[in-house]
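The values are calculated or read from the model by the stated rules, or taken from the named source; none is laboratory data. Since the structure is predicted, the reported quantities are computational estimates derived from the model, not experimental observations. Note that we place each Cβ from the backbone using ideal geometry, even for glycine, and neighbour counts take in every protein chain shown. All accessible areas refer to the heavy atoms of the entire protein, side chains included, with ligands and DNA or RNA removed. Shrake-Rupley method; radii C 1.70, N 1.55, O 1.52, S 1.80 Å.
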Amino acid sequence: MTVSTRRAFLQTSGTGLALLAAGCAPKVSDFAQKTGRRVVVIGGGWGGATAAKYVRLADPSIEVVLLEPNKEFVSCPFSNLVLSGVRTIESMTFDYSRLRDHGVRVLHEMATAIEPEARRVKVGDGYLPYDRLIVSPGVEFQWEQVEGLAAAQDRVLHAWKAGPQTVELARQLQSMADGGVFVLTIPPAAYRCPPGPYERTCQVAWYLKTRKPKSKLIVLDANPNLVSKAALFRAAWANYPNIEYRASNKVVKVDPGAREVTTELGDKVKYDVLNLIPPQRAGTIAVQADLVGADKRWCEVNHLTYESVKYKNIHVIGDSTIGLPVPKSGNVANAMGKICAVAVVNLLNDKPVPPMAPGNTCYSWVSDREAIAVVNSYKIEGGKVVQIEQKLTPGQSEMWAQNAVGWANSIWHDMLG
Amino acid sequence: MPIILISLLLALGLTGPAAAGPLDGPGAPQALVCSACHGFAGQSQSNTMPILAGMAPWYFKKSIQDYAAGKRTSPEMEPYAKQVLQFGVDDMAAYFAGQKRTASPVKLDSAAVERGRAAAVQCTLCHGVSGKGDPAKGVPDLTGQPPGYLRHQMLLFKADRRSPGDAQLKVIKALMLTIPDEQLADLAQYWSSVR
Ligand SMILES: Cc1cc2nc3c(=O)[nH]c(=O)nc-3n(C[C@H](O)[C@H](O)[C@H](O)COP(=O)(O)OP(=O)(O)OC[C@H]3O[C@@H](n4cnc5c(N)ncnc54)[C@H](O)[C@@H]3O)c2cc1C
C-alpha cells in the first residue's frame with residue numbers, strides 16, 4: 001500500500017485548497033504582526049493537532065498558528081504492529097493538509113522559546129505574538145538517567161516516538177538470527193502510554209514465536225509489576241513461552257560495544273537487538289519555559305481549562321501534564337485538545353467555560369488479531385477531574401481488535417481529518 | 001454603548017465576535033469526548049462504531065441506561081454511559097438528535113445488499129418498510145448505520161447477549177436464531193444501504 005493512497009481517506013475534500021496552501025507555504029515573518037485574535041499551538045501531535053482544529057471549529061474568527069517541525073504525523077498508537085509486520089508505518093502516517101483546509105496555519109518550525117510577559121513565541125530569529133498559547137510538545141527522554149545512553153542515542157533505539165526508529169527497530173528484529181536475544185527495557189512510571197511496553201512485548205513475542213522460534217525476548221521492567229492491565233497481559237503471555245519477564249530490573253547502563261545492559265542490581269544482560277525505552281519528562285520547550293513543577297518533569301494545569309498553574313494565557317495538554325487521574329495516552333491528549341480548545345475560545349469570547357471531562361480508552365494488541373482494552377470515564381467535582389469508573393475487557397478477542405481499528409480510524413479523523 | 005453595558009452583554013454571551021458555533025449549546029461540549037470513537041457530532045467514520053447523529057432521543061436514552069445498568073454489556077460504553085448520566089443524558093440526547101445524519105461512509109458490497117434486500121421483509125414488521133423504526137414499539141432506526149455494527153448487534157441478539165432475558169426482545173431474538181450468520185451479514189449490508 002502506498003503512502004498517498006492510505007492518506008487519501010483523510011482528504012475527502014479540499015485537495016485543491018491544500019495544494020494552494022503548499023504552493024505558498026507560510027513563513028514565520030508572515031506572523032510577526034497580529035491583526036485579530038490569535039491562538040498559537042506548539043506541537044502537531046495528538047493534543048496539539050486536535051486543539052488547533054477544534055479552536056477553528058469552535059470559532060473561525062480566531063487565527064490559529066500550529067508549530068510542528070515534522071511534515072508528517074506518524075501515529076504512536078498501532079506502531080507496535082509495525083514491529084510484528086502486521087501493519088505498515090505508511091498505514092498510520094498522515095499529512096496536515098486537512099488542518100489547512102480548516103484554516104489552521106501550519107508552520108513546519110520548532111518553537112525555541114516562550115515569553116509569557118510579552119505573550120510571544122520565539123521561532124528561530126522571529127517571534128509570533130499570541131493571545132493564548134496551547135503547548136503540547138509530548139515527552140522528551142532523560143538520556144542522562146542511563147549511563148552510556150547520551151553518547152549512543154543514534155545506535156540505541158527507543159522507538160517511543162513513532163517514525164524512522166520504529167521502522168529501524170522492525171528491520172533489526174527481522175534481521176536478527178533465529179536463536180538471538182531481543183532485550184526490551186521499560187522505564188519507571190510515569191512514562192508515555194502505560195500499557196505500551198507490554199503491548200510491544202506481545203508483538204515482539206508473537207513475531208519471534210512465528211518467525212524465529214529459537215529466539216528469546218527478555219523484558220527488563222524498572223517497575224515492581226506490569227504498570228497496566230497486568231492480569232490481561234499475563235494471560236496473553238501464557239501463549240508466549242519465549243518471554244522472560246523480570247520485574248524490578250531497572251536498567252542503569254548501556255554498552256553498545258559489548259551489546260550489554262546493566263541493571264541497578266548489577267546484573268549484566270547480553271542482547272542481539274536492544275530496545276531501550278528511556279525515562280521521560282515533558283517536552284523540552286515546556287521545561288525551558290519553566291512550565292514544569294518542582295519535579296522539573298511535568299506541568300501542572302487547571303483541570304477545567306488546562307491553563308498552566310504557573311503562567312497565565314499558556315495552556316498545557318497531553319503527555320506533558322500531571323496531576324489529573326488520567327494516563328499519558330493519545331486518547332487523553334485528544335480529549336484534552338478538544339476541551340482546551342473550547343475553553344480557550346470561551347475565555348477569548350469572555351464566556352464561562354462549561355465543565356467538560358476527558359475519557360480514555362487504550363486498546364492493546366496481544367497478537368496479530370486479538371486485542372484487550374481498558375476504559376476510564378471521568379467527571380468534574382470541586383473543579384477537579386475525578387474518575388467515575390475504570391473497566392477492562394473480560395479477556396482478549398478479535399472483536400476488540402476490530403473496535404481498536406474503529407477507534408483508530410475515528411480518532412485519526414477527529415484529529416487530522 | 002457604555003462600557004458597562006458592553007461588558008454585561010459579553011458576560012451574558014449576548015454579543016461577541018462569533019455567533020453560536022457548532023460546539024456551543026447544551027450537551028455539545030460534553031459530547032466532544034464521544035467523537036474519539038463515534039466521529040465529530042456523532043457522524044461515525046468507522047465500521048464498528050454506530051452513528052449517533054440524528055438518533056431519536058428516546059432510543060439514545062434507553063441505550064445509555066442499558067449500558068450503564070450492564071444490560072447491554074460493553075466495556076467501552078459502560079464507563080462512558082455513566083459519564084453521560086453524570087453530565088445530563090437529556091441534553092446530550094437532544095444534542096445528537098439535532099445533528100444531521102449522513103449514512104456510513106463504509107463501502108458496501110452490492111451483491112450482498114441485493115441478497116439482504118430479499119431477506120429484509122421479515123424485519124419490516126417492526127422496523128417499518130423504511131427501516132426508520134417506531135418509537136411506539138421501542139424499535140430503532142437501522143438505516144445508514146455501519147454494516148459491521150449492525151451485524152455485530154444481530155449476533156448479540158442471536159446469542160442472547162444483548163439485554164439477556166429481556167421479555168420485550170423475545171421475538172427479535174427468536175427471529176435472529178432462524179437466520180444463518182451469512183444472511184445476517186447480508187441484512188446488515190442492506191439496512192446500511194437504505195437512506
Ligand atoms: C508505542 C506506543 C504505543 C502507543 N499506543 C497508544 C494507544 O494505543 N492508545 C493511546 O491512546 N495512546 C497510545 N500511545 C500514547 C500516545 O502516543 C501519546 O500519549 C500521545 O502521542 C501524546 O500526545 P501529545 O500531544 O502529548 O504528544 P505527541 O503526540 O508526541 O506530539 C508532540 C508533538 O510536538 C512536537 N514538538 C515538540 N517540541 C516542539 C517544539 N518546541 N516546537 C514545535 N513542535 C514541537 C513534536 O514534534 C510532536 O509532533 C502510545 C505511545 C507509544 C510510544
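Taking region A:71-105 and a reference point 7 angstrom along Cα→Cβ of B:LYS107, the backbone N atoms nearer than 19 Å belong to A:88, A:90-93. Beta bridges assigned by DSSP with both partners in the protein assembly as shown are antiparallel in approximately 55 percent of cases. Taking all protein chains together, A:LEU291, B:LEU142 sort by accessible area into B:LEU142, A:LEU291, largest first [probe 1.4 Å]. Once the chain from A:GLU147 to A:GLU381 is taken as fully extended at 0.36 nm per residue, the excess over their C-alpha distance is 79.9 nm. Per-residue Karplus couplings for region A:38-43, computed as 6.51 cos²θ - 1.76 cosθ + 1.60 with θ equal to phi - 60°, are listed in order as 9, 10, 9, 10, 9, x Hz, Gly and Pro entered as x. Protein-only accessible surface at a 1.4 angstrom probe places the residues A:ARG259, A:ARG38 in the order A:ARG259, A:ARG38, largest first.
Listed by chain and number, the aspartates and glutamates whose alpha-carbon sits under 20 Å from that of B:LYS173, ignoring those within fewer than 8 places in the same chain, are B:ASP66, B:ASP134, B:ASP141, B:ASP160, B:ASP181, B:GLU182, B:ASP186. Can you pick out the pairs among A:LYS212/B:LYS107; A:LYS122/A:LYS379; A:LYS71/A:LYS216; A:LYS250/A:LYS296; A:LYS296/A:LYS379; A:LYS296/A:LYS338 whose Cα atoms lie more than 32 Å from each other? Those over the limit are A:LYS212/B:LYS107; A:LYS122/A:LYS379; A:LYS71/A:LYS216. Heavy-atom surface analysis with a 1.4 Å probe gives the protein assembly as shown a carbon and sulfur content of 56 percent of its accessible area.
Note that region B:127-137 has calculated 3J(HN,Hα) couplings of 7, x, 4, 6, x, 7, x, 8, x, 4, 9 Hz, one per residue in order, obtained from phi through the Karplus relation 6.51 cos²θ - 1.76 cosθ + 1.60 (θ = phi - 60°); glycine and proline are x.
Cβ under 14 Å from A:TYR130's Cβ, A:TYR130 left aside: what net charge do those residues give with Lys, Arg +1 and Asp, Glu -1? Net of charged neighbours comes to +4. When chains B and A come together, the accessible area they lose, probed at 1.4 Å and totalled over both chains, is close to 3200 Å². Relative to the longest principal axis of the C-alpha atoms of chain A, give the angle of the C-alpha long axis of helix A:398-416, reported between 0 and 90° and rounded to the nearest 10°. In chain A, helix A:398-416 runs at an angle near 30 degrees to the longest axis. The residues of the protein assembly as shown present an accessible area of 40 Å² per residue when probed at 1.4 Å with all protein chains retained. For region B:112-195, chymotrypsin sites (Phe, Trp or Tyr not before Pro) meeting the loop criterion (DSSP other than H, G, I, E, B) and having at most 12 other Cβ atoms within 10 Å: none.
The distance separating the Cα centre of region A:379-417 from that of region A:112-180 comes to 26 Å. Local charge for B:ALA93 was computed over the other residues whose Cβ lies under 13 Å away, with Lys and Arg +1 and Asp and Glu -1, and equals 0. Between the Cα long axis of helix A:330-348 and the first principal axis of chain A there is an angle of about 10°, rounded to the nearest 10. In the context of the full protein assembly, A:ILE314 retains an accessible surface of approximately 0 Å², using a probe radius of 1.4 Å and ignoring ligands and nucleic acids. So if we plug the beta-carbon distance of B:GLU114 and B:LEU177 into 1/(1 + (r/R0)^6) with R0 = 35 Å, what FRET efficiency do we get, rounded to 0.05? Computed FRET efficiency for B:GLU114 and B:LEU177: 0.90. By the Kirkwood approach, averaging reciprocal distances over each pair of separate Cα atoms, the protein assembly as shown gets a hydrodynamic radius of 25.7 Å. Taken residue by residue and averaged, Cβ atoms of other chains lying within 10 Å of the Cβ of B:39-51 number 5. Local charge for B:GLY27 was computed over the other residues whose Cβ lies under 13 Å away, with Lys and Arg +1 and Asp and Glu -1, and equals -2.
Across region A:189-206, rounded Karplus estimates of 3J(HN,Hα) from the backbone phi angles (6.51 cos²θ - 1.76 cosθ + 1.60, θ = phi - 60°) give 5, 8, 9, 4, 6, x, x, x, x, 7, 5, 4, 3, 4, 5, 5, 5, 4 Hz, Gly and Pro being marked x. Only protein heavy atoms count here; under a 1.4 Å probe, A:LYS270 has an accessible surface of about 120 Å². Take each peptide in A:145-151, A:320-326, count the other Cβ atoms within 10 Å of every residue, and average; sorted highest first, the result is A:320-326, A:145-151.
For chain A, the longest principal axis of the C-alpha atoms and the axis of helix A:164-175 are separated by about 20°. With r as the distance between the Cβ atoms of A:LYS253 and A:GLU115 and R0 = 35 Å, compute the FRET efficiency 1/(1 + (r/R0)^6) and round to 0.05. So the FRET efficiency works out to roughly 0.35.
With all protein chains in place and ligands, DNA and RNA left out, the 1.4 Å accessible area ranks A:ASP319, B:ASP91 as B:ASP91, A:ASP319, largest first.
With 20 Å as the limit, the listed pairs B:LYS82/B:LYS132; A:LYS229/A:LYS384; A:LYS328/A:LYS391 have B:LYS82/B:LYS132; A:LYS229/A:LYS384 beyond it between alpha carbons.
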